[in-house]
Amino acid sequence: MGGTRRVVIGSRSSSLSLAQTNEVVRLLLEAHPSLDIEIVPLSTRGDRNKSAPLLSMERGMFVKEIELALMNREIDIAVHSAKDMPAVLPTGLAIAAFTEREDARDVLVNRWDASLPDLPPGTRLGTSSPRRTAQIKAARPDIEILPIRGNVDTRISKAISEDFDGAVLAAAGIKRLGRESEISSYLSPEECVPDVGQGALAVQVRDSDSELLGVVNTIDHVPTSAAVRAERAFLTAMGGGCTMPTAAYAEIEDNGLRILAMVATPDGSSIYRVSESYDAASPEAAGTAVSVLLLEMGASRIMEAP
């Protein structure tokens with residue numbers, strides 16, 4: 001890229017979102033030192049409506065206003081947590097890069113520093129994620145799940161407050177904020193299949209800006225990109241806005257693409273999981289194939305339930 005180009009990057013205003021955006025800025029400047037980058041913090045509906053349960057909000061509640069600013073040319077690049085993005089992008093926008101994925105696992109923070117099997121019966125765990133709720137209840141139906149909202153710092157503080165014994169969070173956010181020492185235990189992807197895109201950052205631009213598409217694509221992390229594109233294809237095939245708890249996690253293994261996927265009832269009383277390997281060169285086809293396999297195993301009965 002010749003000459004200096006001024007680039008405005010939009011991000012949510014939370015400390016975690018700004019830390020993530022600064023990761024992207026660092027990568028862009030390493031690849032293109034001549035860029036003149038400005039970060040603009042933006043507010044989203046999900047950030048403003050702190051009292052509403054997450055289940056009442058559709059996927060995309062933390063990205064829509066940022067995407068609108070991108071479409072209106074108020075910003076040139078949007079940085080999102082990939083897990084916040086809906087299955088279908090607005091017309092005119094494209095994901096130009098996924099940066100290298102941070103730890104995709106879920107973790108427990110609790111007053112005993114205990115693992116999931118070792119938590120006392122009746123433990124009060126905070127999470128507002130239907131995906132986490134279903135998988136925790138499937139493994140430990142004796143645990144009480146309570147809704148919890150707030151940023152990572154707030155949820156960690158609440159985790160061992162009077163109202164909670166612990167909370168379930170994403171490892172990536174805790175690590176990016178430098179609070180890894182407060183993690184009590186990690187949940188393997190087999191125990192709790194991570195959310196689609198969890199731990200990865202998606203860098204979005206207007207698809208008409210060919211120069212910037214090329215610039216941002218230079219920071220695309222190919223293994224992460226293949227994995228997340230497979231997961232997003234799974235989400236699309238499952239209906240995108242499906243209200244039932246669903247999850248998929250893919251990773252490159254021995255030149256193949258291994259995908260774990262899950263569908264469950266909200267209370268975890270019925271749960272279907274599958275693990276299969278596919279051709280890493282066709283991630284979208286792999287994500288679609290694993291959705292078909294999961295539905296054929298019996299998950300369609302959950303998806304079709306009234």
Report summary line: If amide H atoms are modeled at 1.01 Å from N in the peptide plane, then the residues at a separation of 5 or more from S185, or on another chain, having amide H under 5 Å from its own are L108
Query raised in the report: In the range 214-267, with Lys and Arg counted as +1 and Asp and Glu as -1 at Cβ, which of these residues, I252, M262, A233, has the Cα nearest the positive end of the dipole, that is, farthest along it?
Result: A233
Query raised in the report: With charges set only on the Cβ (+1 for Lys and Arg, -1 for Asp and Glu), what does the dipole of the chain come to about its Cα centre, in debye to the nearest 20?
Result: 720 debye
Query - Net charge contributed by nearby residues that have their C-beta within less than 12 Å of P117 (K/R +1, D/E -1) - result: -2
**Report entry** Heavy-atom accessible area per residue - the chain, 1.4 Å, Å²
**Finding:** 42 Å²
Query - Heavy-atom accessible surface of the chain: percent carbon and sulfur, 1.4 Å - result: 51 percent
Report summary line: If one compares the long axis through the Cα atoms of helix 130-139 with the longest principal axis of the Cα atoms of the chain, the angle in degrees, nearest 10, works out at 30 degrees
Query raised in the report: Mind checking the angle between helix 283-294 and the chain's longest principal axis? C-alpha axes, 0 to 90 degrees, to the nearest 10.
Result: 20 degrees
Query raised in the report: How much net charge surrounds T288 when only the other residues with a Cβ under 15 Å from the Cβ of T288 are counted, with Lys and Arg +1 and Asp and Glu -1?
Result: -3
Report summary line: Of N72, N151, N22, the most mobile residue in a GNM of the chain (C-alpha springs, cutoff 10 Å) is N72
Query raised in the report: For the range 179-306, what ratio Rg/Rh do Cα atoms give with a Kirkwood hydrodynamic radius?
Result: 1.02
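The values are calculated or read from the model by the stated rules, or taken from the named source; none is laboratory data. The structure presented is a predicted model; accordingly, all values stated were derived computationally and were not measured. We place every Cβ from the backbone using ideal geometry, glycine too, and count neighbours over all the protein chains shown. Accessible surface is based on the protein model in full, side chains and every heavy atom, while ligands, DNA and RNA are left aside. Shrake-Rupley method; radii C 1.70, N 1.55, O 1.52, S 1.80 Å.
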